[in-house]
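Comments concern the structure below.
Where a number appears in this text, it was derived from the coordinates with a stated rule and is not lab data. Quantities reported herein were computed from a predicted structural model and do not represent experimental measurements. Virtual Cβ from ideal backbone geometry, glycine too; neighbours counted across all protein chains shown.
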Amino acid sequence: MTEQYESVELVGDNTVQYFAMAVVVAALTAALAQFTVPYPFSPAPFTLQTVGVYLAGLLLGPLWGALSLLLYAMVGAAGAPVFAGFGAGFGVITGPTGGYILSFPIAAGIIGALVHRRVDPRALDSVSVPIQVVGMLVGLAVIYAIGSVWLAASTDQSLVTGLIEGGVVFVPGDLLKAVAVISLVTGGHLARISFVE
Amino acid sequence: MIAYEHGTTLFHRLDPRSKLVAQFGFAFAAVTTTEPSVVAVLSLVALGTLAVARLSVFRVLWTYRFVLVLLALGPLFASLRFGPPWLALEHAPPSLLAGYQVVLVLFVSAAYVRTTPVRETRAAIQRHVPGRAGQLLGTGVGLVFRFFPVVLRDVRRARLALRARGGDELSTRERIQRLSLLTVEQAFSRGERLALALRARCFSWNPTLPRLAFGRADYPLVAAGLLLTGLGFVQVLGLPAAGSLPV
């Protein structure tokens, strides 16, 4: 039997820290996706998933925030019941709501890029609140845009009706979630629990 | 809910990589086709897959009921027009067909989920996604799978605690705010401990990977997956032979 000698190449301390946080934010997004709030205007469930996207972008920055939500999508495709209503599987991603799932890493990356403007996340109290708010709203717009186009394509309907069914009806609920997260930002709560010094 | 269940079916014995290729090929071919004959053949394939995986059609449909409601409303929204005559019913059948194609993909992916443990998919990712990205994604998938139930329990407990203290009286905004704050704090303290644990266990860029090996039955499945992917490309590019291709 041939023996193999190879030195172990340890992952750097900072990377381990960011990676561990990306993992728990992905798990948190999966947990929040299970809290379905009945919503009268659209058949798609209204969940707290997007809160996970906001938090990933705000707290982890562009690279690790995007990785976190990418992990969420991959774990779901691999078969863990992490999508809304304990859904799992590649089929959910090709289905009508798959666009939202695929838009999450992109949105988290964009929020992180706007707020932190570098790969490593900054401490949130050093970023002005309006920038954080703008970042979240742009992220939300990205989620709607990709999600609705995907919905329209997967059910073969026009973009306009897709936007209504998959985007516009969610605006009140999503603004509510954004307002809740913004009040975490403005209250300094997120800056307090942010793990970056 | 459909998750991995231990079993002895043919699919349980297959390599996750061949199942991934076949699944991708099927999905690509199914969502790109408009030919009734291709849809019919793919329907038979999907039903056969469920039978081999010992999954009932009703169980799959019930699991994905949210998706189905959305798909069922597709034709209605597709027929809406903003102006007289308001309804254009000729747009409903294509939308119905598109929804049906998604259901076929759901069948096949449910069979994958039922017969493939997450650790095997994780091994496939870690082996084949190149470089450090592959290592992080592979390990990450394994860890998120492990942490999901734990964090879910944290969120449930936080919500229960909120309710016990009269949280139902609060506005929706305040409830979301408090729930997010509580759960993020808990998740981050878990993240700190996870980082420490990873460092203590020498988390490295070049770990020993789990073993994966192709068996005899894997090769035809990979071939079928590649064929279906090819069919998908033919359909996307709109080549004239698309309808008459033998499947």
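State the three equivalent ellipsoid semi-axes of the stretch A:96-153, derived from the C-alpha gyration tensor as the square roots of 5 times its eigenvalues, in descending order and whole Å.
Details: eigenvalues 135, 23, 8 Å².
Ellipsoid half-lengths, sorted descending, are 26, 11, 6 Å.
Positive contributions from Lys and Arg (+1) and negative ones from Asp and Glu (-1), summed over other residues with Cβ under 15 Å from the Cβ of B:Arg201, come out at +1. In degrees from 0 to 90, rounded to the nearest 10, what is the angle of the helix A:129-154 Cα long axis to the longest principal axis of chain A? Taking the Cα atoms of chain A, the angle to A:129-154 is about 60 degrees. Restricting the calculation to Cα atoms, every distinct pair contributes to the Kirkwood radius of chain B, found to be 21.7 Å.
If each residue's Cβ is checked for other Cβ atoms within 10 Å, how do B:Thr172, B:Thr49, A:Thr155 rank with the fewest at the top? Walk me through the intermediate numbers first.
Numbers: B:Thr172 13, B:Thr49 22, A:Thr155 29.
Least crowded to most crowded, the residues run B:Thr172, B:Thr49, A:Thr155.
Among the trypsin sites (Lys or Arg not before Pro) found in the stretch A:53-150, those both in a DSSP coil and sparsely packed, with 12 or fewer other Cβ atoms within 10 Å of their Cβ, are A:Arg117, A:Arg118. Between the residues B:Leu160, B:Phe148, B:Ala200, the greatest Cα displacement towards the positive end of the dipole of the stretch B:132-200, with unit charges on the Cβ of Lys, Arg, Asp and Glu, is found for B:Ala200.
As a proxy for reagent exposure, B:Arg175, B:Arg165 were ordered by neighbouring Cβ count within 10 angstrom, fewest first; the result is B:Arg165, B:Arg175.
Over chain B, what is the relative contact order in whole percent, taking alpha-carbon pairs under 8 Å and six or more residues apart? Don't skip to the end; give the middle numbers.
Numbers: 219 pairs, mean separation 90.1, N = 247.
Taking the mean separation of contacting Cα pairs over the length of chain B, I get 36 percent.
Per the Debye formula on identical point scatterers at the alpha carbon atoms of the stretch A:13-193, with no solvent, log10 I(q)/I(0) at q = 0.08, 0.16, 0.17 Å⁻¹ is -0.23, -0.92, -1.03.
In whole percent, what relative contact order does chain A give with Cα contacts below 8 Å and a gap of six or more residues?
Values: 313 pairs, mean separation 40.6, N = 197.
The normalised contact order for chain A reaches 21 percent.
Kindly provide log₁₀ I(q)/I(0) values, in the same order as q = 0.08, 0.10 Å⁻¹, from the Debye equation applied to equal alpha-carbon scatterers of the protein assembly as shown. With one equal scatterer per Cα and no solvent, log10 I(q)/I(0) is -0.47, -0.74. Candidate membrane-span-like segments in chain B, meaning DSSP H helices with Cα atoms spread over at least 27 Å of their own axis and a Kyte-Doolittle mean of -0.5 or above, are B:92-115, B:131-164, B:172-200, B:218-237, with no membrane implied.
Sorted from largest to smallest, which semi-axis lengths in Å does the alpha carbon gyration tensor of the stretch B:29-146 give for its equivalent ellipsoid, taking the root of 5 times each eigenvalue? Show your work: numbers first, answer last.
Details: eigenvalues 244, 71, 40 Å².
Gyration-tensor ellipsoid for the stretch B:29-146: 35, 19, 14 Å.
Look at the dipole of the protein assembly as shown built from charges on Cβ: of A:Val82, B:Ala187, A:Phe170, the Cα furthest out on the positive end belongs to B:Ala187.
Across the stretch B:74-117, C-alpha contacts under 8 Å between residues 6 or more apart give a mean separation that, scaled by the residue count, equals a relative contact order of 32 percent. With the Cα gyration tensor of the stretch B:132-200 giving a ≥ b ≥ c as the square roots of its eigenvalues, does the rule (a/c under 1.5 for rounded; else a/b larger than b/c for prolate; else oblate) give rounded, prolate or oblate? Note, shape of the stretch B:132-200 comes out prolate.
Counting neighbouring Cβ atoms within 10 Å and putting the fewest first, the residues A:Trp64, B:Trp86 line up as B:Trp86, A:Trp64. Highest GNM mean-square fluctuation among A:Leu60, A:Leu159, A:Leu102, for chain A modelled with Cα contacts below 10 Å: A:Leu159.
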